[in-house]
Amino acid sequence: MQRREFGYVISLLLLVCAGRALANEVTTALSKDAGQHWSVTYTAEKPVTRLAFARSPDDSRTRRWQPFTDAFVVRYFDGQEYIERTDGAAFTSVSLHLTPTYIPLPKDYAPFSPFSDGGMLLHSGRFFACAEACDSATQTWAFTLSVPANESIIVSGKGYQETAGWEDTDSGQTVYVGTANPIADSHFVSIIDQQLPAELSQLIAAKLPELMAKFAAQLGELAFRPTLFASYSDTDDGRYGHQGGVLPGQVFMHWYGKPAIAQLDSQAVYWFFAHEVAHLFQREAAQIEIPADAWVHEGVAEFFAGQMADKGYFGDKLVQAKLRCRQGLQGFNDYAQASQRNSQLHYSCGVVLMNAINADLLATSDKTLFDVWKAFNASVMAGATPSAQSFVATLRPYLSAPMQARIEDFATRGRIDWLME
Ligand SMILES: [Zn+2]
């Protein structure tokens with residue numbers, strides 16, 4: 001049995017792909033036929049001896065991607081998946097059958113999140129492949145997608161019939177394929193699975209507009225209308241759980257297995273929404289690329305969710321977070337080492353840290369973390385690198401002298417013991 005908790009998601013950590021440069025010489029053609037079969041064809045401009053994937057969180061492509069012919073194989077070695085010819089010869093094109101079911105991937109988004117009506121949300125980043133090897137100066141990826149005539153495609157917030165083409169960068173995006181009509185309100189364009197409990201649709205209808213308004217009041221209106229996808233698929237192996245995340249302009253969540261919806265807890269779901277929406281409002285400053293710095297945007301998203309939740313609920317979350325943080329730090333002298341082992345500490349220790357910082361800000365300079373985040377984002381917009389270092393530089397002038405010393409101690413030496421007192 002598997003259970004994933006909301007909030008412990010990858011979120012913007014995924015935005016680790018480097019900047020954009022020249023277009024890749026490999027094009028990606030995805031296809032869904034009338035029999036619900038999914039396939040992908042890669043075409044390289046010049047012959048290649050292998051195609052490498054931009055990210056290989058595990059070796060699951062070796063089991064879930066089947067080349068159309070025995071002439072090709074998907075291999076995994078040295079932490080990396082490749083497509084090669086079995087005879088080692090060069091090639092320009094290869095087609096593979098895909099397995100369009102939900103799987104959780106370590107530190108990555110699920111490639112396919114099915115809806116119960118046959119619709120599908122796919123993550124384009126899963127299909128990023130490069131000629132020979134992906135280097136750090138990562139490119140743009142050219143996609144085409146074709147689907148049966150009665151189905152539509154939603155990509156980059158726009159709807160298409162039958163076919164669509166686009167270019168992706170960074171971590172890619174989620175793309176919808178199916179027959180559902182999106183609901184557009186003033187805050188979101190959303191597709192909510194009909195098999196999710198009515199309680200969830202009601203929560204979205206009643207609470208999300210209020211949540212968006214609260215965030216806008218603190219951090220300014222968003223310049224775009226985000227897309228929201230909530231999907232559900234049953235499982236046949238007893239697995240159940242839920243996972244979600246955010247990519248630029250998109251919030252998505254998936255529930256799998258009947259117990260996951262039977263146990264739906266509306267306060268936990270609200271917290272999840274609030275955390276992901278916080279990332280949208282964190283804007284460019286959330287695009288911190290150093291994994292060790294994730295306590296900044298994850299800790300702040302947890303804290304902002306707490307500001308949007310009931311006081312009592314936030315209080316309970318803080319108590320739990322402190323406990324988890326303390327347990328996670330046991331046996332380690334420094335936060336970086338502990339959080340490298342257990343990335344959930346960025347959430348638990350992060351929110352405890354941010355709560356202490358916010359209290360100090362209020363007492364010292366009558367500011368809140370919302371004010372500091374706005375200033376941090378302004379500095380990023382003006383050219384500062386989004387990182388823990390620049391966050392601390394923005395924060396420092398507003399803190400008391402003892403808190404400045406503690407944050408310095410934490411940010412440079414990873415010491416967090418004062419928080420555990
Ligand atoms: Zn997050």
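Structure data summary
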{"read-out": "Per-residue ³J(HN,Hα) for the stretch 87-99, Karplus 6.51 cos²θ - 1.76 cosθ + 1.60, θ = phi - 60°, Hz, x for Gly and Pro", "value": "8, x, 6, 6, 8, 10, 8, 8, 10, 9, 7, 10, 9"}
{"read-out": "Those residues of the stretch 101-140 whose amide nitrogen sits under 20 Å from the label point placed on Asp33, 7 Å along Cα→Cβ", "value": "101, 118-120"}
{"read-out": "Prolate/oblate/rounded label for the stretch 13-177 (Cα gyration tensor, a/c 1.5)", "value": "rounded"}
{"read-out": "Kyte-Doolittle at least 0.0, axis length at least 15 Å by Cα - qualifying DSSP helices, the chain", "value": "198-219, 266-282, 294-308, 345-365, 369-381"}
{"read-out": "Amide proton proximity set for Asp185, modelled H, under 5 Å, gap of 5+", "value": "Ser190"}
{"read-out": "Computed E for Arg225/Ala205 - FRET, C-beta separation, R0 22 angstrom, nearest 0.05", "value": "0.85"}
{"read-out": "Segment Ile183-Lys214, extension gain: residue separation times 0.36 nm, minus the distance between their alpha carbons", "value": "9.0 nm"}
{"read-out": "P(r), alpha carbons of the stretch 183-282 - 5 Å bins starting at zero, rounded %", "value": "3, 12, 25, 26, 17, 10, 5, 2, 1"}
{"read-out": "Ellipsoid equivalent to the stretch 213-260 - semi-axes via the Cα gyration tensor, in Å", "value": "31, 10, 7"}
{"read-out": "Hydrodynamic radius by Kirkwood, which averages 1/r over all alpha carbon pairs of the stretch 106-251, in angstrom", "value": "16.9 Å"}
{"read-out": "Computed FRET value (nearest 0.05) for Ser136 with Met420, which takes r as the C-beta separation and R₀ as 25 Å", "value": "0.10"}
{"read-out": "Pairs from Lys214/Lys322; Lys158/Lys311; Lys107/Lys214; Lys158/Lys367 whose Cα-Cα separation, in the structure shown, is over 32 Å", "value": "Lys158/Lys311; Lys158/Lys367"}
{"read-out": "Semi-axis lengths, Å, the stretch 366-421, gyration tensor of Cα atoms, sqrt of 5 times eigenvalues", "value": "22, 14, 8"}
{"read-out": "Given charges at beta-carbon only (K, R positive; D, E negative), |dipole| of the stretch 172-300 in Debye", "value": "220 debye"}
{"read-out": "Percentage of interatomic Cα-Cα distances in the chain larger than 43 Å", "value": "13 percent"}
{"read-out": "Rounded to 5, the percent of DSSP beta bridges in the chain classed as antiparallel", "value": "75 percent"}
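None of the figures in this text is laboratory data; all of them are computed from the coordinates on show. The shown structure was predicted, so the numbers you read here are calculated from the model rather than taken from an experiment. So basically every Cβ, Gly included, is an ideal-geometry build from the backbone, and we count neighbours across all protein chains shown.
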